[in-house]
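Step one of this worksheet: look at the structure below.
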Amino acid sequence: MEISFKGKRILVTGAGQGIGRGIAVELWRAGADVVALSKTRANLEALQSEYPSIDIVDVDIGNWEKTRQVVESLGHFDALVNNAAYASCEPFLECTTAEFDRHFNVNVKAVLNVSQIVARKMVENKTHGAIVNISSQASKAALKDHTIYSASKAALDAMTRAMALELGPHGIRVNAVNPTVIMTEMGKVGWSDPAKANEMLSKIPLRRFGEVKEVVDAVVFLLSERSSMINGVELPIDGGFLAT
Ligand code: NAP
């Protein structure tokens, strides 16, 4: 399926590595003017050294005011991918207030912040834009030691639906994708232990984890006009995990 984003300006958060980097590169390949936003400057510089026409911005989206100031200064976007997130694993009985706040600050509150700024400008400019939120299978199924992360992604799914409802009348579509395990740096946090990995693999009908490219392809589709009537969905990319 040939998809072109020529003439479109797209913001991707968490584009320094992993899935976000993959999304930024694929959108660039499809002709978009990509702004890659992330936390660690060195990762962004590595991306830009390979793809010099991708613009880079480093900001910790956990900082509401700084993020607001930086994203406001970036101007207008035709599309947004809310990909940056934080994950740590701990048993329910050991969950702390600090971990709760850290997850919700980055995975939920920052998405509200960045999306508000971008969507306001889309509305002002009458842009029929698209937003994709990167959620997780963990929003839908209980995974051991993932209480806070799961709750934050369930909140993100709820925010996706609310955004789809309120931004839809402006011609802005908002969708989420919900991947299974992808072996990025974040994937390694939860799934490096072979015993845990094998247990998860046994519950995925395709008997494998996902690839970055498989998430990228779904995001590209949801950002494109090929999905012009799709709004408010939470799309599993999970080899059938959630179907069982
Ligand atoms: P990753 O490899 O850890 O990359 C995350 C990216 O987000 C990094 O570039 C990181 O910056 C950036 N980031 C994190 N916190 C940030 C903050 N406060 N401000 C700005 N940037 C920040 O993770 P990933 O696996 O690609 O995950 C991408 C998305 O997929 C996340 O939403 C995640 O929840 C979701 N997901 C992942 C999996 C999986 O198994 N990997 C499964 C389901 C869903 P640095 O460059 O500083 O590290």
Could you give the angle, 0 to 90 degrees to the nearest 10, between helix 41-50's Cα long axis and the longest principal axis of the Cα atoms of the chain?
70
Full extension between Lys126 and Ser88 adds, at 0.36 nm per residue less the Cα distance, a length in nm of 9.8 nm
Could you work out, for the stretch 9-236, what percent of all Cα-Cα pairs fall into each 5 Å distance bin, beginning at 0 Å and stopping at the bin that holds the largest distance?
1, 7, 15, 19, 21, 17, 11, 6, 2, 0, 0
Give me a comma-separated list of calculated 3J(HN,Hα) values for the stretch 68-74, in order, Karplus coefficients 6.51, -1.76, 1.60 applied at θ = phi - 60°, integers in Hz, x for any Gly or Pro.
4, 4, 5, 5, 4, 6, 7
Just to confirm, what accessible area per residue do you get for the chain at 1.4 Å probe, in whole Å²?
47
Work through the residues other than Ile61 whose Cβ is under 13 Å from its Cβ and net out their charges, Lys, Arg +1 and Asp, Glu -1.
+2
Pop out the ³J(HN,Hα) list for the stretch 176-181 in order, Karplus 6.51 cos²θ - 1.76 cosθ + 1.60 with θ = phi - 60°, rounded to Hz; leave Gly and Pro as x.
10, 10, 10, x, 7, 4
With every protein chain in place, the chain: carbon and sulfur % of accessible area (1.4 Å):
54
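By the scheme Lys and Arg +1, Asp and Glu -1, what is the net charge of all other residues having a beta-carbon under 12 Å from that of Phe92? It would help to have the intermediate numbers written out before the result.
Details: positive: Lys144; negative: Glu90, Glu94, Glu99, Asp145.
Residues close to Phe92 contribute a combined charge of -3.
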Considering only lysines 8 or more places apart in sequence, or on different chains, count the pairs in the stretch 9-236 whose C-alpha atoms sit under 14 Å apart.
7
Check which residues have an amide H placed less than 5 Å from Tyr86's amide H, if you skip close sequence neighbours.
Asn107
Relative to the Cα centre, what is the charge dipole magnitude of the chain, using +1 at the beta carbon of each Lys and Arg, -1 at the beta carbon of each Asp and Glu, and rounding to the nearest 20 debye?
360
Rounded if a/c is under 1.5, else prolate if a/b is larger than b/c, else oblate: which is the stretch 1-132, with a ≥ b ≥ c the root eigenvalues of its Cα gyration tensor?
prolate
For Arg102 the rounded accessible area (nearest 10 Å², probe 1.4 Å, non-protein molecules ignored) is 120
Take Cys95 and Leu206, extend 7 Å from each Cα along the Cα→Cβ direction, and tell me the distance between the two endpoints in nm.
2.9
In whole Hz, what ³J(HN,Hα) sequence does the stretch 198-206 give by Karplus (6.51, -1.76, 1.60; θ = phi - 60°), x for Gly and Pro?
5, 5, 5, 4, 5, 9, 9, x, 7
So which residue, out of Ser227, Ser152, Ser73, gets the largest mean-square fluctuation from a GNM of the chain using Cα contacts under 10 Å as springs?
Ser73
Neighbourhood charge, 10 Å Cβ-Cβ cut-off, centred on Thr127 and excluding it, Lys, Arg +1 and Asp, Glu -1
+2
Using modelled backbone amide H atoms (1.01 Å from N, in-plane), which distant-in-sequence or interchain residues come within less than 5 Å of Ile237's amide H?
Asn178, Thr180
Connecting every pair of Cα atoms under 10 Å apart in the chain and solving the GNM, the largest mean-square fluctuation among Asn175, Asn231, Asn63 falls on Asn63
Compute the Cα gyration tensor for the stretch 141-244, then decide on rounded, prolate or oblate, letting a ≥ b ≥ c be the square roots of its eigenvalues: rounded whenever a/c is under 1.5, prolate when a/b is larger than b/c in the other cases, and oblate in all that remain.
prolate
Simple label model, 7 Å out from Cα along Cβ direction - Ile3 to Gln116, nm
2.9
I'd like to compare 153-161, 14-22: which one has the highest average count of other Cβ atoms within 10 Å, and what's the full order after that?
14-22, 153-161
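The values are calculated or read from the model by the stated rules, or taken from the named source; none is laboratory data. Just so it is clear, the model here is predicted, and its values are computed rather than measured. Don't worry about glycine lacking a Cβ; one is built from the backbone with ideal geometry, like all the others, and counts go over all protein chains shown. What goes into the accessible areas is simple: the full protein's heavy atoms, side chains included, and nothing from ligands, DNA or RNA. Shrake-Rupley method; radii C 1.70, N 1.55, O 1.52, S 1.80 Å.
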